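Working notes, beginning with the structure itself.
The values are calculated or read from the model by the stated rules, or taken from the named source; none is laboratory data. Since the structure is predicted, the reported quantities are computational estimates derived from the model, not experimental observations. So basically every Cβ, Gly included, is an ideal-geometry build from the backbone, and we count neighbours across all protein chains shown.
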Amino acid sequence: MDGKAEWGQWTRWLVPVIYLGVAVAFFADVTQEIFYVPFGILYIPLVCTAVFHRDPRSAWWLATAASAMVIIGFFLPVITPNTANGLINRGLSIVAIFITAALVRYARGIQEQLVAQTARAEAAEQVKTDVFTTLSEEMRTPLFAMAGLTEVMLAGCRPDQQAALRQVQGGTKRLLASIENLIDLTHLDDLTIRTEALDIPGMIRQAAEAGRALASERQIAVRCDASGAAMTATGDAWAVRRILENLIANAVKFSPAGGTVELAAVNETGSVALVVRDAGMGMSPDILRRLGEPYFQDSRGIPTSGTGTGLALSRRLARAMGAELAFDSEIGCGTTAKLRLPA
């Protein structure tokens, strides 16, 4: 049960208990000759219950009712023999009641402002999401057409045109991948993450095959070790594929031309680790700490550094599955990414 539900359960009996306590105190005040008990202080919780009423003026109404009870208690059953002290006692009680009402009303005003600001922020966020989603959909259609057109042109172009067309093709694919990551990251809260048994060797082979198309543009080899034929883990198949796609794309981006990206699965204690390893330039500890921040760009001289949303999406997907995504890297020694899934 979340905190809001627990608070609702608690206040469900708190308000009636306060009303009952105030009623008992008022009954004692008007039936017993108790001159030295500051009953007005006992009525202050009644004013505080205004925070549970929808009408913001309820604090003043409750304060007026509490003050009336203080005044009635002064005259019933008999007026206190020490009238001056009684008047001071009751007068200070009424002052305390109205001060409490003013504080409660002020707190209600702050609460109403926060609710209004939250509503405006949520509305603005929804508008931003809707605009971004529509714009992304509009951008994907011509980008898909451009990617298909470059494929056709590459099939029949002159040798001196291939380098330029491949550059256009690569840029188109990277832009499409960034848009897909942005869309998924924006709508991540609406996604349903399922837990199912995963065929790890099969997923490794499929991810390697999909990564080879991207890696071939830079003459980078993608090697796959799916030797653990019986290796299984639990997680969401779509989420694992998206994470592997982003890890492979990141490894290819920072690998030197003619390098190698390795994929493998390793049994660990209580988990199965999907490993993506490259022999690129590596990363410093400062960059490692910032990996996964949305829009953080680790360009390091790479002209096509991307938007930084791929690893941010991957980390959030891993957390949603109960998995762990970790990176190990040193400058000049490449990077190893591990996605640990429950076995």
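Being farther than 26 Å from Leu175 by Cβ, β-branched (Val, Ile, Thr) and not in a loop (DSSP other than H, G, I, E, B) is a property that Thr192 lacks. Among the residues of the stretch 65-90, just one is among the polar types (S, T, N, Q) and surrounded by fewer than 12 Cβ atoms within 10 Å (Cβ to Cβ), namely Thr83.
Which ones in the stretch 241-283 are surrounded by 18 or more Cβ atoms within 10 Å (Cβ to Cβ) and on the phi > 0 side of the Ramachandran plot? Of everything in the stretch 241-283, just one residue is surrounded by 18 or more Cβ atoms within 10 Å (Cβ to Cβ) and on the phi > 0 side of the Ramachandran plot, namely Gly282. A Cβ distance below 6 Å, combined with a sequence gap of six or more or placement on separate chains, defines the contacts here; from the stretch 65-93, residues that are free of Cβ contacts under 8 Å to residues at least 24 places away in the same chain reach residues that are assigned to a helix (DSSP H, G or I) in the pairs Phe74/Arg90.
Among the candidates Ser136, Ser178, Ser93, the residue that is closer than 30 Å to Ala50 by Cα, hydroxyl-bearing (Ser, Thr, Tyr) and surrounded by 15 or more Cβ atoms within 10 Å (Cβ to Cβ) is uniquely Ser93.
Candidates in the stretch 15-64 are the residues that are touching a residue at least 24 places away in the same chain (Cβ under 8 Å) and small (Gly, Ala, Ser); of these, the one that is surrounded by the fewest Cβ atoms within 10 Å (Cβ to Cβ) is Gly21. Comparison of Ser178, Ser227, Ser255 shows that the only residue that is of a type in the set (Ser, Thr, Tyr) and touching an Asp or Glu at 6+ places or on another chain (Cβ under 6 Å) is Ser255. In the stretch 205-235, the qualifying residues are those that are part of a helix (DSSP H, G or I) and modelled with pLDDT of 85 or more, and the one that is nearest to Ser314 (Cα to Cα) is Ala207.
Within the stretch 181-203, if we keep just the residues that are of a type in the set (A, V, I, L, M, F, W, C) and touching a Ser or Thr at 6+ places or on another chain (Cβ under 9 Å), the residue that is surrounded by the most Cβ atoms within 10 Å (Cβ to Cβ) turns out to be Ile200.
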